[in-house]
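Working notes for the structure below.
The values are calculated or read from the model by the stated rules, or taken from the named source; none is laboratory data. Note that the coordinates shown come from a computational prediction; the quantities given were computed from them, not determined experimentally. Cβ placement follows ideal geometry from the backbone for every residue including glycine, while neighbour counts extend to all protein chains displayed.
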């Protein structure tokens with residue numbers, strides 16, 4: 001164990017979520033790696049947000065509950081409830097959607113910021129198309145709302161890139177993606193319109209550079225399930241479905 005204590009990023013945004021669930025326990029295991037691994041945007045909350053909010057969605061479906069309403073019934077932290085309520089209002093959650101469309105919701109509390117996102121997708125003959133995205137975040141005190149909006153939008157696009165196509169592969173001991181010509185990113189024609197609402201119910205000012213990212217992947221995967229009935233438990237998602 002390092003002098004600073006255990007590396008909590010392994011279970012970041014998994015054990016510390018404000019869900020009032022009895023007998024709740026999270027255990028993380030450090031895997032041996034064959035190449036150097038370091039941090040990226042939103043650190044452990046990135047993948048753990050996907051794991052946690054995917055299983056919460058599966059539990060809601062298994063219980064016959066609305067995924068957003070079930071989250072609200074379990075969360076007691078008021079700022080977290082407010083972002084979920086805000087994103088439900090923004091997205092028109094519960095409204096009837098066109099044929100082949102689906103919406104997914106995800107909530108992640110990371111870096112002291114509750115963030116809730118809804119993503120809408122459409123199933124087409126060519127593949128999945130991301131139609132819209134909505135996000136609500138609570139930074140405590142919003143010094144620069146326009147900059148906060150930009151940070152959340154960029155976090156969502158960063159998260160969608162990782163969710164859809166962000167795989168790193170190794171051949172003969174060497175990473176194959178050595179620059180952006182071999183590590184693709186979401187293009188402007190794929191990026192959805194993103195509406196952001198900034199709330200100030202938290203106790204003190206918080207940073208916003210990273211919290212917009214973690215809900216993106218689970219919201220997208222949950223939307224794909226809502227549209228197609230296909231539950232995907234592995235990233236990147238393009239291993240399982242095609243995207244326009």
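Taken over the range 170-198, residues that are assigned to a loop (DSSP other than H, G, I, E, B), at pLDDT below 95 and out of contact with any helix residue (DSSP H, G or I) (no Cβ under 9 Å at 6 or more places or on another chain) amount to 12.
No other residue among 3, 60, 13 is crowded, with 19+ Cβ neighbours inside 10 Å and out of contact with any strand residue (DSSP E or B) (no Cβ under 9 Å at 6 or more places or on another chain) apart from 60. All conditions in (1) modelled with pLDDT of 95 or more; (2) surrounded by 19 or more Cβ atoms within 10 Å (Cβ to Cβ) hold for residue 166, with the sole exception of (1).
Every residue, every condition in (1) without any contact (Cβ under 8 Å) to a residue 40 or more places away in the chain; (2) in contact with a helix residue (DSSP H, G or I) (Cβ under 8 Å, 6 or more places away or on another chain); (3) part of a helix (DSSP H, G or I), yes or no:
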position: 29; (1), (2), (3): yes, yes, no
position: 32; (1), (2), (3): yes, no, no
position: 44; (1), (2), (3): yes, yes, yes
position: 48; (1), (2), (3): no, no, yes
position: 52; (1), (2), (3): no, yes, yes
position: 86; (1), (2), (3): no, no, yes
position: 90; (1), (2), (3): no, no, yes
position: 98; (1), (2), (3): yes, no, no
position: 103; (1), (2), (3): no, yes, no
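When residues in the range 208-224 are screened for being surrounded by fewer than 22 Cβ atoms within 10 Å (Cβ to Cβ) and either modelled with pLDDT under 95 or touching a strand residue (DSSP E or B) at 6+ places or on another chain (Cβ under 7 Å) (or both), 1 of them pass. Inside the range 141-163, residues that are surrounded by fewer than 17 Cβ atoms within 10 Å (Cβ to Cβ) and over 14 Å from the mean Cα position of the chain (by Cα) make up a count of 7.
The set of residues in the range 106-125 that are surrounded by fewer than 24 Cβ atoms within 10 Å (Cβ to Cβ) and out of contact with any strand residue (DSSP E or B) (no Cβ under 9 Å at 6 or more places or on another chain) comprises 111, 112, 124, 125.
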